[in-house]
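Q: Got a structure here, written out as structure tokens. Questions coming.
Read-outs: derived from the displayed coordinates by stated rules, not from any lab. Computed from a prediction, not measured in an experiment: that's the story for all the values here. Here the Cβ positions follow ideal geometry from the backbone for every residue, glycine too, while neighbour counts run over all protein chains shown.
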Amino acid sequence: LLGIKSVDQETIKTANKKMIINLLYNKRELTKQQIALETGVSIPTVINNVNELIEEGFVEEAGVAPSSGGRKPIIVSFKPNARYSFGVDITLHDFRIILTNLDSEIVDEVYRKLGDGLTADSVKGINKLLANICAEIEGMINKNQLQRERVLGIGFSVPGTVNEEALVLELAPNLSLKNINFKELSEKLQLPVYIENEANAAAFAELRLGVAKDMRNLVYVSITEGMGTGIVVQDYLYKGKNKRAGEFGHMTIVKDGRGCKCGRKGCWERYASEGALLEAYSHEICKDINLESFFQELAKGQSTAVRLWDEYLDYLAAGLQNIILILDPHYIVIGGPISGYEEFLIKPLREKVFIENSFFSAGDTKIFTAKFQSRASTIGAALLPLQKVFFINQKVL
Ligand SMILES: [Zn+2]
């Protein structure tokens with residue numbers, strides 16, 4: 001655990017220093033006088049903290065500002081490449097790893113489809129997959145010539161309920177997994193590891209960097225192989241007593257309907273996930289098809305695609321109506337690969353959700369697509385280690 005300890009010593013602990021680096025992250029460059037003014041911290045303390053930040057490589061002196069009489073003040077500027085962070089997203093079919101800097105710019109990316117002996121489901125499968133991910137991360141560290149001290153950590157996004165303090169993936173029905181501990185991984189890589197539910201990670205990314213930057217009350221609906229939601233109330237992620245709030249993918253939408261991997265029947269994700277849509281279409285045309293080809297057929301007006309898409313939107317809308325009735329959110333953000341086909345999605349979906357009813361009407365809740373589409377959860381995962389530098393501690397209810 002030595003590596004983790006030395007990395008921890010690198011990170012910013014005092015509130016004043018954190019306040020200064022947050023300010024410089026937002027404003028990019030300021031003089032020490034301006035920093036003192038904006039933070040209310042005394043000039044000598046600012047000077048001490050800035051000197052420490054320069055030593056640690058987070059900021060640098062970058063020229064002088066015009067003088068209002070006397071010596072010209074020195075400009076201090078933020079260095080986005082001072083530290084790096086990894087984000088990893090694991091699904092049933094693939095995994096994605098991104099390397100970002102402090103500005104959450106993607107510096108490097110690895111995307112792999114599973115198969116050929118590598119799977120995310122079963123304990124054996126996930127252990128092999130995690131070993132593979134470790135090897136990819138080592139490869140990216142070498143390729144980008146990163147010093148390990150400059151890597152803040154690795155955030156994992158997983159499709160299931162997690163205990164983030166204990167680093168345990170508690171239950172992931174689509175991966176047939178229970179109680180997978182990520183602690184060993186941290187020891188193996190000698191880097192801090194964080195885990196978060198996939199929809200929560202995506203909601204986190206959209207809140208900090210994406211479409212939801214100015215929003216405080218929203219439900220993020222992640223549509224992938226399965227479905228998950230991240231609930232944000234007054235800027236807080238609502239997780240509930242047992243950290244499994246937002247499992248709307250498993251609310252019953254059809255009584256005694258299609259069987260679900262969770263053991264129940266008629267779950268929403270069996271009708272409104274990307275997996276369900278492609279399964280229904282593949283079944284009707286008797287061959288496997290991916291999302292891109294489905295939308296090509298839909299654009300051409302192919303009759304089966306048109307009919308199944310309309311049915312799909314009915315189910316998606318029914319679930320969203322339930323969510324509106326339960327939570328009355330200001331916004332619903334739709335994420336996942338399907339959100340990349342906004343022109344087919346948003347308008348008909350709004351019409352179906354806001355069909356005349358006695359409770360709510362169009363405009364009460366705004367529905368739109370996510371900024372990061374299929375990368376939202378990976379970007380959110382990469383944000384988790386940045387809490388060591390910035391004030392982005394996930395606020396959790
Ligand atoms: Zn289910």
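Q: Give me the net charge for the shell around Leu92: Cβ to Cβ below 9 angstrom, other residues only, Lys and Arg +1, Asp and Glu -1.
A: Summing Lys and Arg as +1 and Asp and Glu as -1 gives -3.
Q: In debye, nearest 20: dipole of region 10-145 around its Cα centre with unit charges on the Cβ of K, R (+) and D, E (-)? Intermediate values should be presented prior to the final figure.
A: On the way: 16 positive and 18 negative charges, 73 e Å.
Its charge dipole is roughly 340 debye.
Q: Explain nothing, just compute: Karplus ³J(HN,Hα) = 6.51 cos²θ - 1.76 cosθ + 1.60, θ = phi - 60°, for every residue of region 100-115 in order, whole Hz, x for Gly and Pro.
A: Those phi angles translate into 10, 9, 5, 8, 6, 7, 7, 8, 8, 8, 10, 10, 10, 7, 7, x Hz.
Q: Also: So what's the convex hull volume per residue for the Cα atoms of region 243-371, in Å³?
A: Normalising the Cα hull of region 243-371 by residue number yields 129 Å³.
Q: What is the Cα radius of gyration of region 323-397 over 2.2 N^0.38 Å, N being its residue count? Could you put the intermediate results ahead of the total?
A: Values: Rg = 15.8 Å, N = 75, 2.2 N^0.38 = 11.3 Å.
This ratio for region 323-397 stands at 1.39.
Q: Still on this model: Extension gain Glu292-Glu279, at 0.36 nm per residue separation less the Cα-Cα distance, in nm? Kindly include the intermediate steps, with their values, before the conclusion.
A: Details: separation 13, 0.36 × 13 = 4.68 nm, distance 1.40 nm.
Length gained between Glu292 and Glu279: 3.3 nm.
Q: Please arrange Tyr84, Tyr194 by counting, for each residue, the other beta carbons lying within 10 Å of its beta carbon, fewest first.
A: Tyr84, Tyr194
Q: For region 113-160, what value does the Rg/Rh ratio take when both radii are computed over Cα atoms and Rh is the Kirkwood radius, given to two decimals? Can you show the working numbers first?
A: Numbers: Rg = 12.9 Å, Rh = 12.3 Å.
Radius of gyration over Kirkwood radius for region 113-160 works out to 1.04.
Q: Now a separate question. Quick one: plug the Kirkwood hydrodynamic radius of region 57-209 (C-alpha pairs) into Stokes-Einstein at 25 °C, 0.890 mPa s, and report D in µm²/s. Display every interim value, and only then the final one.
A: Details: Rh = 17.2 Å.
My calculation gives 143 µm²/s for D.
Q: Which GluC sites (Glu not before Pro) does region 316-397 hold that lie in a coil by DSSP with at most 10 other beta carbons within 10 Å?
A: Glu356
Q: Using the Cβ atoms and a cut-off under 10 Å, what net charge is assigned to the surroundings of Met140, where Lys and Arg are +1 and Asp and Glu are -1? Spell out each step's value before the answer.
A: Values: positive: Lys143; negative: Asp108, Glu109, Glu136, Glu138.
Taking every other residue near Met140 into account, the sum is -3.
Q: Okay, next question. Could I have the simple spin-label model distance between Val233 and Glu342, label points 7 Å from Cα toward Cβ, reported in nm to one decimal?
A: According to this spin-label approximation, the distance is 3.0 nm.
Q: Mind listing the phi-derived Karplus ³J(HN,Hα) values for region 337-351, rounded to whole Hz, using 6.51, -1.76 and 1.60 with θ = phi - 60°, and x for any glycine or proline?
A: After applying 6.51 cos²θ - 1.76 cosθ + 1.60, I find x, 4, 5, x, 10, 3, 4, 8, 9, 5, 4, x, 5, 4, 4 Hz.
Q: What FRET efficiency do you get for Gln145 and Ile355 if R0 is 45 Å and r is their Cβ-Cβ distance, rounded to the nearest 0.05? Display every interim value, and only then the final one.
A: Working: r = 57 Å, r/R0 = 1.26.
According to the calculation, E is roughly 0.20.
Q: State the three equivalent ellipsoid semi-axes of the chain, derived from the C-alpha gyration tensor as the square roots of 5 times its eigenvalues, in descending order and whole Å. Let's see the in-between values first.
A: Working: eigenvalues 338, 128, 68 Å².
Those come to 41, 25, 18 Å.
Q: Given an 8 Å cut-off on Cα distances and at least 6 residues of separation, report the relative contact order of region 94-153 as a percent. Working shown, then result.
A: Numbers: 43 pairs, mean separation 12.7, N = 60.
Relative contact order of region 94-153: 21 percent.
Q: Report the label-to-label distance for Lys79 and His93 in nanometres (one decimal), using points 7 Å from each Cα along the Cα→Cβ vector.
A: A separation of 4.3 nm, rounded to one decimal place.
Q: Quick one: 3J(HN,Hα) in Hz for region 43-55, Karplus 6.51/-1.76/1.60 with θ = phi - 60°, rounded, Gly and Pro as x.
A: Values, residue by residue: 4, x, 5, 4, 4, 4, 5, 5, 4, 5, 5, 5, 4 Hz.
Q: What's the ranking of 94-106, 293-305 by average number of surrounding C-beta atoms within 10 Å, highest first? Kindly include the intermediate steps, with their values, before the conclusion.
A: Details: 94-106: 19.2, 293-305: 14.9.
The densest-packed peptide leads the list: 94-106, 293-305.
Q: Taking the radius of gyration and the Kirkwood hydrodynamic radius from Cα positions alone, what is the Rg/Rh ratio for region 127-183, to two decimal places?
A: Values: Rg = 13.5 Å, Rh = 12.9 Å.
When Rh is taken as the Kirkwood radius, the ratio is 1.05.
Q: Taking 0.36 nm per residue of separation and subtracting the Cα-Cα distance, what length does fully extending Glu29 through Ser176 add? Present the calculation step by step, with values, prior to reporting the outcome.
A: Numbers: separation 147, 0.36 × 147 = 52.92 nm, distance 4.91 nm.
Roughly 48.0 nm would be gained on extension.
Q: Among Phe359, Leu384, Pro329, whose Cα projects farthest towards the positive end of the dipole of region 284-397, with charges put on the beta-carbon of Lys, Arg (+1) and Asp, Glu (-1)?
A: The Cα lying farthest towards the positive end belongs to Leu384.
Q: What 222 nm value per residue comes from the helices of the chain, counting each DSSP H run with n ≥ 4 as -39,500 (n - 2.57) and dividing by all residues, nearest 500 deg cm²/dmol? Please list the in-between numbers first.
A: Numbers: 13 runs with 153 residues, N = 397.
For the chain, the value works out to -12000 deg cm²/dmol.
Q: Still on this structure, please answer the following. If each of Asp103 and Ser68 carries a label point 7 Å out from its Cα toward its Cβ, how far apart are those two points in nm?
A: Label at Asp103, label at Ser68, 2.9 nm between them.
Q: A further question follows. Give me the orientation-averaged projected area of the Cα convex hull of region 269-332, in nm², one decimal.
A: 4.7
Q: Could I ask something else about it? Could you tell me what a quarter of the Cα convex hull surface of region 6-136 works out to, in nm² with one decimal place? Provide the component values of the computation, followed by the final result.
A: Details: hull surface 41.8 nm².
That works out to 10.5 nm².
Q: Just for the chain, what percent of DSSP beta bridges are antiparallel, to the closest 5?
A: Just about 65 percent of them are antiparallel.
Q: Over the chain, calculate the relative contact order: mean separation of alpha carbon pairs under 8 Å at least 6 apart, over the residue count, as a percent. Don't skip to the end; give the middle numbers.
A: Numbers: 745 pairs, mean separation 66.9, N = 397.
Relative contact order of the chain: 17 percent.
Q: Okay, moving on. With just the Cα atoms of region 213-263, tell me how far they stretch along each of the three principal axes, in Å, largest first.
A: Taking max minus min along each principal axis of the Cα atoms, region 213-263 gives 39, 23, 18 Å.
Q: What percent of all Cα-Cα pairs in region 136-259 falls in each 10 Å bin, counting up from 0?
A: Spelled out per bin, shortest first, that is 12, 36, 33, 17, 3, 0.
Q: Starting from the Cα-Cα distance between Glu60 and Asn163, subtract it from 0.36 nm times their residue separation and give me the gain in nm to one decimal.
A: On the way: separation 103, 0.36 × 103 = 37.08 nm, distance 3.82 nm.
Extra length available between Glu60 and Asn163 comes to 33.3 nm.
Q: Now for a separate question. Taking N as the number of residues in region 146-214, what is its alpha-carbon radius of gyration divided by 2.2 N^0.38 Å? Mind showing how you got there, number by number?
A: Working: Rg = 13.6 Å, N = 69, 2.2 N^0.38 = 11.0 Å.
Output field value: 1.24.
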